[in-house]
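Encoded as structure tokens, the structure appears first; notes follow it.
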Amino acid sequence: MRILITNDDGIKAEGIVRLATAAKEFGEVWIVAPETQRSAASHSLTINKGIDVYPCSDFPVDGVKAYSCSGHPSDCLRIGSKYIMPDKPDIIFSGINNGFNVGTDIQYSATVGAAFDAAMCGYPVIAFSEGFREDDRETEAGHAVTDIYLHDILDELLGSKLLPGEVINVNFPDCDPKDYKGILRNRRVSMDTPYIDTYGVEDLENGGKRYNIVWTDRDHAPEGTDLRAILDGYISIGIVHNIY
């Protein structure tokens, strides 16, 4: 199996390294990922300038052919599948995103955006996301649930039959493994977001103001949804639709 992986956190993100490591057990792995962070770029394509692609010789997973790209995740998917790989991929993976992609946040996500683009190009595709982590929010659990169950999820989902425009969207909870409840499949998309956003305001010279986004975790969501699943400590699996 030929597997192409991209993401929106960049070629250096630890999530894509972990996904590539797991994917190696299932086939030949190629990576084309942004050179830097491209989160919240949704379905963007680069149309007003050239896109530079370089081999990434120091990618830390042996046997993976990796390339960094100056464009967006959707650019990476298109260039990787059509021009970098000698044969078209059998499946596309996008992720593992640092931060849930559930509810209405799916509309902003460049992780899911690249997956949507892959579906438009006719490829089977799975998007992977997990709880957001940064230094001041680390917990002992970390990404433990993802690392324990990622291989099993890949084994279950590879070969899934999808209709045109469909993407499998997988989200791993960021709870401690002892609080993990299991897998909930066929989750519908919540109308809420996983984070409540507000803006902090700074005064600038000459009367200007700078607005910095501030995230607060949401603690509620309707039953049966992707967001409810991850809040309750479940892996959420659902189908999201690209064009209808």
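The values are calculated or read from the model by the stated rules, or taken from the named source; none is laboratory data. The structure presented is a predicted model; accordingly, all values stated were derived computationally and were not measured. Cβ placement follows ideal geometry from the backbone for every residue including glycine, while neighbour counts extend to all protein chains displayed.
Checking every residue in the range 43-62 against the condition of being of a type in the set (Val, Ile, Thr) and either in a helix (DSSP H, G or I) or buried (at least 20 other Cβ atoms within 10 Å of the Cβ) (or both) gives zero matches. Could you count how many residues in the range 6-42 are within 18 Å of residue 153 (Cβ to Cβ), part of a loop (DSSP other than H, G, I, E, B) and out of contact with any helix residue (DSSP H, G or I) (no Cβ under 6 Å at 6 or more places or on another chain)? Count: 1. Residue-level check: of (1) assigned to a helix (DSSP H, G or I); (2) touching a residue at least 24 places away in the same chain (Cβ under 8 Å); (3) not aliphatic (A, V, I, L, M), residue 82 misses just (2). Of all residues in the range 59-77, one or more are of a type in the set (Gly, Ala, Ser) and within 22 Å of residue 167 (Cβ to Cβ).
Has the range 46-55 got any residue that is touching a residue at least 12 places away in the same chain (Cβ under 8 Å), under 23 Å from residue 106 (Cα atoms) and aliphatic (A, V, I, L, M)? No, the range 46-55 contains no residue that is touching a residue at least 12 places away in the same chain (Cβ under 8 Å), under 23 Å from residue 106 (Cα atoms) and aliphatic (A, V, I, L, M). Within the range 197-216, none of the residues are β-branched (Val, Ile, Thr) and within 18 Å of residue 94 (Cβ to Cβ). When 129, 81, 94 are checked against the criterion of being among the polar types (S, T, N, Q), farther than 16 Å from residue 9 by Cβ and modelled with pLDDT of 95 or more, a single residue qualifies: 81. Screening the candidates 3, 11 for the property of being in contact (Cβ under 8 Å) with a residue 40 or more places away in the chain, closer than 18 Å to residue 90 by Cα and of a type outside the set (S, T, N, Q) yields one hit, 3. With a requirement of 2 or more residues that are surrounded by 14 or more Cβ atoms within 10 Å (Cβ to Cβ) and in contact (Cβ under 8 Å) with a residue 60 or more places away in the chain, the strands (runs of 3 or more DSSP E) lying completely within the range 149-244 that satisfy it span 166-172, 234-241. The sole residue among 102, 112 that is buried (at least 22 other Cβ atoms within 10 Å of the Cβ), more than 18 Å from residue 13 (Cα to Cα) and of a type in the set (Val, Ile, Thr) is 102.
Residues in the range 71-97 that are among the hydroxyl-bearing types (Ser, Thr, Tyr) and over 18 Å from the mean Cα position of the chain (by Cα): 83 only.
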